[in-house]
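FYI, it's all coordinate maths here, none of it is from the lab. Worth saying up front: this structure is predicted, and the values here are computed from it rather than measured. Using ideal geometry, Cβ is built from the backbone for each residue, glycine included, and neighbour counts are taken over all protein chains shown.
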Ligand code: GTQ
């Protein structure tokens, strides 16, 4: 509310009036207008880091308390400290660390929420998406688009941990969540490993294949090997002042994000490079995949080492300073904001 403060009598009259209309489920806009229509984003989320060295033992502990089958998904949710109890890392995004032990399966199901995985630790697990398995290797970016069947398994001999990124809060906000479990724990293998990547992710698509812009990509794994090779190859050039060398993952058939609700990025910060302050309206989850870097977010500094997760809320200015060459994966709700005409960025 603007203008001068009301005198005590008006205040009492108004308060009584608010109480009366409150009984009819109404409330005055003028008391909340500033909060409803802010001059700029004022996210209730805070910047926060999860250091993998600190949380790894916690994740392994879950493996001794409950099986993957019993849990259905054995995941520790990364909750934004300012949004506890809401199962989210930003207002629109979910993040979690999923553990699968040797011999276990996380049974097949599907849901309208879209999921992405970033493999962090261990070898020997696979994810199957709509009848095709992919071996999970560290740094691989794997997607399970909305309503695709997916199950995970570990046929190796070490625990495997990956980061799950889902659009759960968006689907919850829209009350559009559906899910179902499969009759069998894992899907029958319908195609050999690598089939989708060969068909849809090799600068070609099947001759009669056309997609609607909002369709998710059939490429469901973006192998780390390829990502790293691309970044290393372009790292000889001049880095962008705000990003270093930053690429966005795309659906190669459309040039849009792999899935309609979440964008994903990979960026290389050269050794000794400092990026200029940058902010955007999409709150972003960053994961350090290689090297180390300091990230300052609105004046707080986070020292990021391999597998550490950092959340940077909407419109928070941030800057990277890499000691050694560093590679960061990140994801956000940018395609949603862009589709709605809401996305903004500011490059200082
Ligand atoms: O792997 O299907 O972290 O359904 C949360 C919900 C993972 C999954 C999560 C899920 C999954």
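What's the FRET efficiency of residue 204 with residue 36 using the Cβ-Cβ distance as r and R₀ = 51 Å, to the nearest 0.05?
On the way: r = 49 Å, r/R0 = 0.96.
That gives a FRET efficiency of 0.55.
Nearest 500 deg cm²/dmol is fine: what mean residue ellipticity at 222 nm does the chain get from its DSSP H runs of n ≥ 4 alone, each adding -39,500 (n - 2.57), divided by its residue count?
For the chain, the value works out to -5000 deg cm²/dmol.
Using a Gaussian network model of the chain whose springs link C-alpha atoms within less than 10 Å, name the residue from 184, 296, 266 with the highest mean-square fluctuation.
Evaluated over the chain, the most mobile residue of the options is 184.
Expressed in whole Å with the largest first, what are the equivalent ellipsoid semi-axes of the stretch 79-124 derived from the C-alpha gyration tensor as the square root of 5 times each eigenvalue?
24, 15, 10
What share of all Cα pairs of the stretch 192-238, in percent, falls into each consecutive 5 Å distance bin?
The calculated distribution, bin by bin, is 5, 17, 21, 22, 14, 12, 7, 2, 0.
With just the Cα atoms of the stretch 203-348, tell me how far they stretch along each of the three principal axes, in Å, largest first.
50, 33, 26
Could you grab the relative contact order for the stretch 267-316? Cα pairs under 8 Å, six or more apart, rounded to a whole percent. Could you put the intermediate results ahead of the total?
Numbers: 65 pairs, mean separation 21.0, N = 50.
It rounds to 42 percent for the stretch 267-316.
Among 88, 280, what is the fewest-to-most ranking by other Cβ atoms within 10 Å? Don't jump to the answer; show the numbers that get you there.
Values: 88 24, 280 21.
Ranked by crowding around the Cβ, least crowded first: 280, 88.
Going by alpha carbons, how many degrees (0 to 90, nearest 10) lie between the helix axis of 224-234 and the longest principal axis of the chain?
So the helix axis and the longest Cα principal axis differ by about 80 degrees.
Over the alpha-carbon set of the stretch 99-235, divide Rg by the Kirkwood Rh and report the Rg/Rh ratio to two decimals.
Reported Rg/Rh, Kirkwood definition of Rh: 0.97.
Could I get the Rg over Rh figure for the chain? Both from C-alpha atoms, Rh via Kirkwood, rounded to two places.
1.03
Work out how much length residue 54 to residue 149 would gain on full extension: take 0.36 nm times their residue separation and subtract the Cα-Cα distance, in nm to one decimal. Intermediate values should be presented prior to the final figure.
Numbers: separation 95, 0.36 × 95 = 34.20 nm, distance 3.28 nm.
Length difference between fully extended and current span is 30.9 nm.
Just for the Cα atoms in the stretch 241-296, what are the lengths along the principal axes, largest first, rounded to whole Å?
Extents along the principal axes: 36, 22, 19 Å.
Roughly what angle does helix 52-65 make with the longest principal axis of the chain, taking Cα atoms, 0 to 90 degrees, to the nearest 10?
Result, in degrees: 80.
Considering only 84, 218, 303, give the residue with the highest GNM mean-square fluctuation for the chain, with springs between Cα atoms whenever their separation is below 10 Å.
Result: 84 has the largest fluctuation of those listed.
On a C-alpha basis, how far is the centre of the stretch 198-248 from the centre of the stretch 54-122 in Å? Whole number, if you could?
Measuring centre to centre over Cα atoms gives 26 Å.
Measure off 7 Å from each Cα along the Cα-to-Cβ vector at residue 229 and residue 348, then give the distance between these two points in nanometres to one decimal.
Those two pseudo-labels are separated by 3.9 nm.
With a 10 Å cut-off between alpha carbons and a GNM built on the chain, which of 28, 38, 169 moves the most?
Highest fluctuation among the options: 28.
Quick one: Kirkwood hydrodynamic radius for the stretch 89-160, alpha-carbon pairs, angstrom, one decimal?
Taking every pair of different Cα atoms in the stretch 89-160, averaging 1/r and inverting gives 12.6 Å.
Give or take rounding to whole Å, what are the principal axis extents of the alpha carbon atoms in the stretch 206-274, in descending order?
Rounded to whole Å, the extents work out to 46, 22, 17 Å.
State, to one decimal in nm², a quarter of the convex hull surface area for the C-alpha atoms of the stretch 1-150, i.e. the direction-averaged projected area.
Dividing the Cα hull surface by four gives the mean projection, 14.3 nm².
Neighbour counts of other C-beta atoms within 10 Å: give me 225, 79 arranged from fewest to most.
With the fewest neighbours first, 225, 79 line up as 225, 79.
Contour minus end-to-end for residue 66 and residue 294, with contour as 0.36 nm per residue of separation and end-to-end as the Cα-Cα distance?
Between residue 66 and residue 294, full extension yields an extra 78.5 nm.
Fewest first, what order do 112, 127, 254, 238 take by the number of other Cβ atoms within 10 Å? Display every interim value, and only then the final one.
Working: 112 13, 127 25, 254 16, 238 7.
Listing 112, 127, 254, 238 from fewest to most nearby Cβ atoms yields 238, 112, 254, 127.
Could you give the length gained by full extension between residue 185 and residue 338, i.e. 0.36 nm per residue of separation minus their alpha carbon distance, to one decimal place?
Between residue 185 and residue 338, full extension yields 51.3 nm more.
Looking at the calculated P(r) for the stretch 166-247, what percent of the C-alpha pair distances fall above 20 Å?
Roughly 63 percent, rounded to a whole number.
Send over the per residue convex hull volume for the stretch 1-82, Cα only, as a whole number of Å³.
Numbers: hull volume 17.4 nm³, N = 82.
In the stretch 1-82, the Cα convex hull volume per residue is 213 Å³.
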